[in-house]
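Only one structure is covered here, and it is reproduced in the block below.
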Amino acid sequence: MFIQLARYFIKLERDVADRTSQLKSEREKADQLLREMLPQEIVKKLRNGLPVVPEYLESVSVYFSDMCGFAEFVTTVAPPDVVNFLHSVYSAFDKSVAGFSVYKMETIGSSYMECGDC
């Protein structure tokens with residue numbers, strides 16, 4: 001009976017370790033998604049259970065872009081190529097403003113919008 005309990009205990013320890021590893025992995029995925037949708041400071045506050053208080057900014061900049069001819073372009077290119085193209089364009093936008101106080105508001109199709117304080 002003692003041997004069975006010891007085996008069960010070892011199995012439970014392994015199960016807990018596996019589940020903990022899975023939980024950490026999924027939490028990192030969720031955090032990454034949150035960081036893509038919200039500013040880092042907001043993600044930290046949400047993760048720590050702190051309130052997120054709206055800020056008043058004296059002035060802000062809003063950048064909005066759309067790709068001319070995108071509707072025609074997508075009719076001539078395979079869907080995976082469209083996704084890869086958009087990913088490369090938006091990744092370049094993201095990298096160009098990475099060091100600034102800028103927040104990507106939205107990316108829909110060929111439209112891209114960012115906001116930042118001046």
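I need the full set of residues from region 85-118 which are under 18 Å from Arg35 (Cβ atoms), of a type in the set (Ser, Thr, Tyr) and either in contact with a strand residue (DSSP E or B) (Cβ under 7 Å, 6 or more places away or on another chain) or open to solvent by 60 Å² or more (accessible area, probe 1.4 Å) (or both), in order please. Full working, then the answer.
Here is the first cut: in region 85-118, the ones under 18 Å from Arg35 (Cβ atoms) are 87, 90-91, 93-107, 112-116.
Those still in the list that are of a type in the set (Ser, Thr, Tyr) too: 90-91, 96, 101, 103, 107, 112.
Hits for region 85-118 are Tyr90, Ser96, Ser101, Tyr103, Tyr112.
Taking first residues from region 1-29 that are free of Cβ contacts under 8 Å to residues at least 12 places away in the same chain and partners that are surrounded by 10 or more Cβ atoms within 10 Å (Cβ to Cβ) and of a type in the set (Asp, Glu), no Cβ contact under 9 Å between residues at least 6 apart in sequence or on separate chains turns up.
Residues are listed down the side, and each one gets a yes or a no for (1) in contact with a strand residue (DSSP E or B) (Cβ under 7 Å, 6 or more places away or on another chain); (2) of a type in the set (Lys, Arg); (3) open to solvent by 100 Å² or more (accessible area, probe 1.4 Å):
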| residue | (1), (2), (3) |
| --- | --- |
| Phe2 | no, no, yes |
| Asp15 | no, no, no |
| Arg19 | no, yes, yes |
| Leu38 | no, no, no |
| Lys45 | no, yes, no |
| Leu57 | yes, no, no |
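Give me the residue from region 59-79 that is part of a loop (DSSP other than H, G, I, E, B) and touching a residue at least 12 places away in the same chain (Cβ under 8 Å) and, out of that set, surrounded by the fewest Cβ atoms within 10 Å (Cβ to Cβ).
If we filter region 59-79 for residues that are part of a loop (DSSP other than H, G, I, E, B), which is where we start, we get 59, 67-69, 76-78.
Of the ones still in play, those that are also touching a residue at least 12 places away in the same chain (Cβ under 8 Å) are 59, 67.
On the way: Ser59: 6, Met67: 14.
Per the criteria, the residue is Ser59.
Criterion first (at pLDDT 85 or above, open to solvent by less than 50 Å² (accessible area, probe 1.4 Å) and in a loop (DSSP other than H, G, I, E, B)) does Val82 satisfy it? Explain how you work it out, then say what you get.
On the way: at pLDDT 85 or above: yes; open to solvent by less than 50 Å² (accessible area, probe 1.4 Å): yes; in a loop (DSSP other than H, G, I, E, B): no.
The answer is no for Val82.
The values are calculated or read from the model by the stated rules, or taken from the named source; none is laboratory data. Note that the coordinates shown come from a computational prediction; the quantities given were computed from them, not determined experimentally. Methodologically, a virtual Cβ is constructed for each residue, glycine included, from the backbone with ideal geometry; neighbour enumeration extends over all protein chains shown. These accessible areas exclude ligands, DNA and RNA; they are computed on the full protein's heavy atoms, side chains included. Shrake-Rupley method; radii C 1.70, N 1.55, O 1.52, S 1.80 Å.
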